[in-house]
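The block underneath contains the structure these notes are about, expressed in structure tokens.
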Amino acid sequence: MRRLRLDRLDLVSLGVLAAGLLCWATGALPNGDALASLGRVAPLVLFLGTVMVMVAIVQASQLFDVAALGLARAGRGSHAALFACCVLLASATTVFLNLDTTIVLLTPVMLALAAATRAPALALAMTTVWLANTASLLLPVSNLTNLLAADRIGLDPLAFAARMWAPQLAVLAVTALCLWLGFWRRRHRERDRYLVPARSPRIADRRLFWTAAAVCAGFVAAVVADVPIQLVSTAAAAVLVAHCLRRRRDLLSWDLIPWRLLVLTAGLFLVVPALMRHGGDALVSALAGTGAGDAGVFRAGLTGAGLSNLVNNLPAYAAVESVIPPGREDALLAALIGTNVGPLVLPWASMATLLWFDLVTGRRPGVPADQRLRVPIGRFTAAGAVLAVTATAAGLAALVWL
């Protein structure tokens, strides 16, 4: 029997769940509130569980390897050109699809690209996770928090984009600069030009490859059609599992289920409501203020960014939104900027970042050794803090200016 090994994030996840269950059991979070909170998070848990199954099987199909080859050839060996291609691709998928799609579909491509070309793996991976968060301001569909804000304010997609285009451009400019200086410039790579593979990878299982390609195309089409993403991921995983049951049972195991993500998500949505009931709402109100004037806009945004890194961006946005008085549209948009752009410091600050950590560390079965990445937590946290502060401030300044 294989021995279960727990790392620090595993222990954090279990600890948060234990704290949440303790709040529920002791009555610190009443039974009705606990069930309501778990009911709200159930679609997210379903998405996280099924999408990781989907990604693991698609990765085994070699579809991501083929996509990585196309991206490598587009850059023609130039790190600067590759950087531009990756920034544009990650930004576009986040804006027009959503941040979760960027994480799910681009992270394995970036890791395969690094393995095939010897381009810096950490730079490619950080490009994905940072832009999945910071490029999610422009349209309501880009992020779940955007939908919450658009519903509260009453903005349609065009009106929402009219308010957020300047903050989005400012945030993207800061993100690109931080990515280049922190991960892409010459000192962070081994060679002046990366290797461009001359041959396409040999596909070992063509039936699985084309099935995975069809599933990914359907996934993107359904997301564009605004089908709830948890239903899309469940259907995609079901098709791929059915295929594997018939032809590739060796790809199926219990390790496909991302238990760490699931227990941490459930735990957060028990702990945070309990904290809000016992003084948290007063603290958030004191930090965020009333949203009046330019100073109020900055207070709401920076409070959202700080809380996101403590308790996750979804409950953080809900907490800040709940204390902002009606009619403070700019303050609500500022809270949105803070909770979209700010959660870059700690691994649990956003669900997209948690999903990314599970993908890059190669915890799932069948991930090639050269496509696993060790993420230095200290460097991740320090660089994320710099970007969170500068990009959030730039976005808030653009919102005030506009």
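For the residues Leu99, Leu46, Leu144, the requirement of being farther than 21 Å from Phe209 by Cβ, under 16 Å from the mean Cα position of the chain (by Cα), in contact (Cβ under 8 Å) with a residue 24 or more places away in the chain and crowded, with 24+ Cβ neighbours inside 10 Å singles out Leu99. If you take the residues of the stretch 23-43 that are in contact with a Leu (Cβ under 9 Å, 6 or more places away or on another chain) and either free of Cβ contacts under 8 Å to residues at least 40 places away in the same chain or among the hydrophobic types (A, V, I, L, M, F, W, C) (or both), which of them is surrounded by the most Cβ atoms within 10 Å (Cβ to Cβ)? Restricting to residues being in contact with a Leu (Cβ under 9 Å, 6 or more places away or on another chain) and either free of Cβ contacts under 8 Å to residues at least 40 places away in the same chain or among the hydrophobic types (A, V, I, L, M, F, W, C) (or both), the top hit is Leu29.
Counting only residues that are among the hydrophobic types (A, V, I, L, M, F, W, C), touching a residue at least 12 places away in the same chain (Cβ under 8 Å) and over 14 Å from Leu22 (Cβ atoms), which one in the stretch 273-293 is surrounded by the most Cβ atoms within 10 Å (Cβ to Cβ)? The residue in question is Ala288. Against the condition surrounded by fewer than 21 Cβ atoms within 10 Å (Cβ to Cβ), touching a strand residue (DSSP E or B) at 6+ places or on another chain (Cβ under 7 Å) and either more than 30 Å from Val227 (Cα to Cα) or at pLDDT 85 or above (or both), how does Gly70 come out, does it pass? So Gly70 fails the test. Only residues that are in a helix (DSSP H, G or I) and touching a helix residue (DSSP H, G or I) at 6+ places or on another chain (Cβ under 8 Å) were counted in the stretch 16-33, giving 10. Using the structure shown, decide if Ala135 is within 23 Å of Ala212 (Cα to Cα) and of a type in the set (A, V, I, L, M, F, W, C). Spelling it out, it is not the case that Ala135 is within 23 Å of Ala212 (Cα to Cα) and of a type in the set (A, V, I, L, M, F, W, C).
Residue count for the stretch 86-140, restricted to those that are within 20 Å of Ala335 (Cβ to Cβ), polar (S, T, N, Q) and in a helix (DSSP H, G or I): 3. Restricting attention to the stretch 325-356, the residues being crowded, with 24+ Cβ neighbours inside 10 Å and either over 25 Å from Ser91 (Cβ atoms) or without any contact (Cβ under 8 Å) to a residue 40 or more places away in the chain (or both) number 1. Annotation: of all residues in the stretch 167-198 being aliphatic (A, V, I, L, M) and surrounded by fewer than 17 Cβ atoms within 10 Å (Cβ to Cβ), the one that is farthest from Ala150 (Cα to Cα) is Ala198. Taken together, the criteria exclude Val297 from residues that are in a helix (DSSP H, G or I) and in contact with a Gly (Cβ under 6 Å, 6 or more places away or on another chain). For the stretch 303-323, a tally of residues being surrounded by fewer than 24 Cβ atoms within 10 Å (Cβ to Cβ) and more than 24 Å from Leu262 (Cα to Cα) returns 3.
Each residue in the stretch 297-328 was checked for being of a type outside the set (Val, Ile, Thr), over 20 Å from Ala266 (Cα atoms) and at pLDDT below 85, and 6 of them qualify. Among the conditions (1) out of contact with any helix residue (DSSP H, G or I) (no Cβ under 9 Å at 6 or more places or on another chain); (2) outside any loop (DSSP other than H, G, I, E, B); (3) closer than 25 Å to Leu82 by Cβ, the only one that Phe183 does not satisfy is (1).
Consider Phe357 carefully, then state whether it is within 16 Å of the chain's Cα centre (by Cα), of a type in the set (Phe, Trp, Tyr) and modelled with pLDDT under 90. Judged against the criteria, Phe357 is a match.
The values are calculated or read from the model by the stated rules, or taken from the named source; none is laboratory data. Treat the numbers as computed from the prediction; the structure is a model and nothing was measured. Reconstructed Cβ throughout: ideal geometry from the backbone, glycine too, with neighbour counts over all protein chains shown.
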